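Asks: What follows is a structure written as structure tokens; I'll ask about it next.
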Amino acid sequence: MASDSMKQIPSISLRELKTNNSETIESLADACRYWGFFRLVELDLEKGVTDKLLAAMKVFFELPHEEKKQLSRTEKNSWGYFDKELTKNKQDWKEIFDLSVDQTGPHDQSQTPWPEKLPAFRDTMLQWHHLCETLSLTLLESIMQSLRLPETSLAQHFTHDNSSFLRLNHYPVCETPAAPEEDFPTEGHLGIYHHTDAGAVTVLLQDEVSGLQVRHNDTWTTIANENDSLIINVGDLVQVWSNDRYKAPLHRVLANRQQDRFSAAFFMNPGFSTHCVPQTNDRPLYRPVNWGEFRSARSAGDYANIGDEIQISDYRI
């Protein structure tokens with residue numbers, strides 16, 4: 001069943017999470033268990049930082065297409081501009097720019113190709129990347145606490161040589177959007193087709209244009225934009241670590257006939273060598289997931305049509 005109604009996903013205070021407030025931790029557990037999505041509020045961010053980020057994004061995506069193409073990502077360099085992203089082997093109605101803190105290692109020899117015309121762009125994006133990284137570590141510790149597991153048991157996978165990255169999304173006006181009342185449309189376009197996020201935690205900043213939907217109780221629910229908040233969802237790795245207590249939610253983005261839409265998604269991912277296994281004491285539902293292998297397979301599916309895209313369910317015991 002489909003719906004374009006806007007419902008309120010749970011709201012969680014970052015300020016209260018930082019103080020280990022027990023009621024907030026329980027609310028977090030409920031949000032992760034029943035939604036997989038929640039709105040993070042009371043962020044205590046520096047004034048104007050989100051407006052600055054969105055403004056810099058819009059300036060970048062307004063560059064001529066040929067200039068953006070010169071910054072294109074490739075099969076060997078995963079950072080940069082791309083406008084042919086596939087989800088479920090269908091091309092999304094969007095253009096993106098992926099960036100990360102430059103690092104070289106056995107799995108990642110690539111560097112972010114920054115636009116020379118926009119000298120302040122790099123600093124603005126890396127500042128937000130760092131802020132989201134710090135925030136995500138707090139979220140991960142709180143999620144582990146909500147599962148009654150050691151808060152720092154996973155931190156070592158994220159503090160050094162992690163594979164986290166920031167994705168800038170631009171959803172242009174679309175003349176043939178898919179019908180929002182369709183559960184899984186076969187005609188028209190979606191901004192992003194239905195999927196779960198492969199990593200641990202996603203931190204999303206939206207502009208004022210709605211479009212993000214989460215699949216909840218067999219219904220697509222639109223997540224409204226609210227100022228001074230971020231949208232958080234858990235990914236496939238939290239689903240594995242929690243042994244299915246917290247499931248990665250299916251979500252999508254609608255295409256829009258009237259307005260462009262912009263968002264910035266930070267994907268908190270561990271180091272490529274990380275082996276992810278259930279952390280709970282009950283019988284494991286998953287065999288070990290090597291993050292480097294899983295991420296590479298998912299990325300290949302985003303870049304080109306490789307047939308059936310690998311899913312976390314493929315690791316079920």
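Nothing in this text is a laboratory measurement; each read-out follows from the coordinates by a stated rule. As the structure is a computational prediction, the values presented were derived from the model and not from experiment. Because the Cβ atoms are built from the backbone with ideal geometry, glycine has one as well, and the counts that use them run over all protein chains shown.
Asks: Enter the Cα centre distance for the pair the stretch 239-253 and the stretch 6-38, rounded to the nearest angstrom.
Replies: 15 Å
Asks: Taking 8 Å as the Cα distance limit and 6 or more residues as the minimum spacing, I'd like the relative contact order of the stretch 252-298 as a percentage.
Replies: Numbers: 29 pairs, mean separation 14.7, N = 47.
The normalised contact order for the stretch 252-298 reaches 31 percent.
Asks: Calculate, in nm to one decimal, what THR74 and HIS160 gain on full extension: separation in residues at 0.36 nm each, minus their alpha carbon distance.
Replies: Value of the extension gain: 28.5 nm.
Asks: If the chain between GLN8 and GLU42 were fully stretched, how many nm would it gain, using 0.36 nm times the residue separation less the Cα-Cα distance? Show your work: numbers first, answer last.
Replies: Details: separation 34, 0.36 × 34 = 12.24 nm, distance 1.66 nm.
So the chain would gain 10.6 nm between GLN8 and GLU42.
Asks: Which Cα, out of HIS157, ALA178, THR112, lies furthest along the positive dipole direction of the chain (beta carbon charges, K/R +1, D/E -1)?
Replies: HIS157
Asks: Compute the FRET efficiency between ASP51 and ARG316 as 1/(1 + (r/R0)^6), taking r as their Cβ-Cβ distance and R0 = 51 Å, and round to the nearest 0.05.
Replies: On the way: r = 43 Å, r/R0 = 0.85.
Here the calculated transfer efficiency is 0.75.
Asks: Further question on the same structure: Residue separation times 0.36 nm, minus the C-alpha to C-alpha distance between SER296 and ASN227: what's the value?
Replies: Numbers: separation 69, 0.36 × 69 = 24.84 nm, distance 3.48 nm.
Taking SER296 through ASN227 to full extension adds about 21.4 nm, to one decimal.
Asks: According to a simple spin-label model (label point 7 Å from Cα along Cα-to-Cβ), what is the distance in nm between GLN259 and GLU62?
Replies: If labels sit at GLU62 and GLN259, their model points lie 1.7 nm apart.
Asks: On to the next question. Taking each pair of distinct Cα atoms in the stretch 167-274 once, what is the resulting Kirkwood hydrodynamic radius in Å?
Replies: Values: mean 1/r = 0.0678 Å⁻¹.
Averaging 1/r across every pair of different Cα atoms and inverting gives 14.8 Å.
Asks: Another question about this same structure. Tell me the label-point distance for the pair LEU250, ASP123, using the 7 Å Cα-to-Cβ offset, in nm and rounded to one decimal.
Replies: About 4.6 nm, to one decimal.
Asks: Follow-up question, since we're still on this one. Report the relative contact order of the stretch 123-189, percent, no decimals, based on alpha-carbon pairs under 8 angstrom and at least 6 residues apart. If you can, show how the numbers build up before the last one.
Replies: Details: 27 pairs, mean separation 13.2, N = 67.
Normalised by residue count, the contact order of the stretch 123-189 is 20 percent.
Asks: Follow-up question, since we're still on this one. Say the cut-off is 22 Å between C-alpha atoms; which of LYS58/LYS88; LYS58/LYS84; LYS88/LYS247 go over it?
Replies: Values: LYS58/LYS88 27 Å; LYS58/LYS84 19 Å; LYS88/LYS247 19 Å.
Those over the limit are LYS58/LYS88.
Asks: Same structure again: What percent do you get for the relative contact order of the stretch 11-315 when only Cα pairs under 8 Å and 6+ apart count? Walk me through the numbers before you get to the answer.
Replies: On the way: 603 pairs, mean separation 66.9, N = 305.
Result for the stretch 11-315 is 22 percent.
Asks: With the radius of gyration and the Kirkwood radius both derived from the Cα set of the stretch 227-268, what is their ratio Rg to Rh? Spell out each step's value before the answer.
Replies: Values: Rg = 13.9 Å, Rh = 12.8 Å.
Rounded to two decimals, Rg over Rh is 1.08.
Asks: What whole-number value in cubic angstrom gives the convex hull volume per residue for the C-alpha atoms of the stretch 215-300? Please report the intermediate quantities before stating the final value.
Replies: Numbers: hull volume 13.5 nm³, N = 86.
It is 157 Å³ per residue.
Asks: If amide H atoms are built 1.01 Å from N in the plane of the peptide, which residues on other chains or at least 5 residues away come under 5 Å of the amide H of CYS276?
Replies: So CYS276 has HN proximity to VAL289, ASN290, TRP291.
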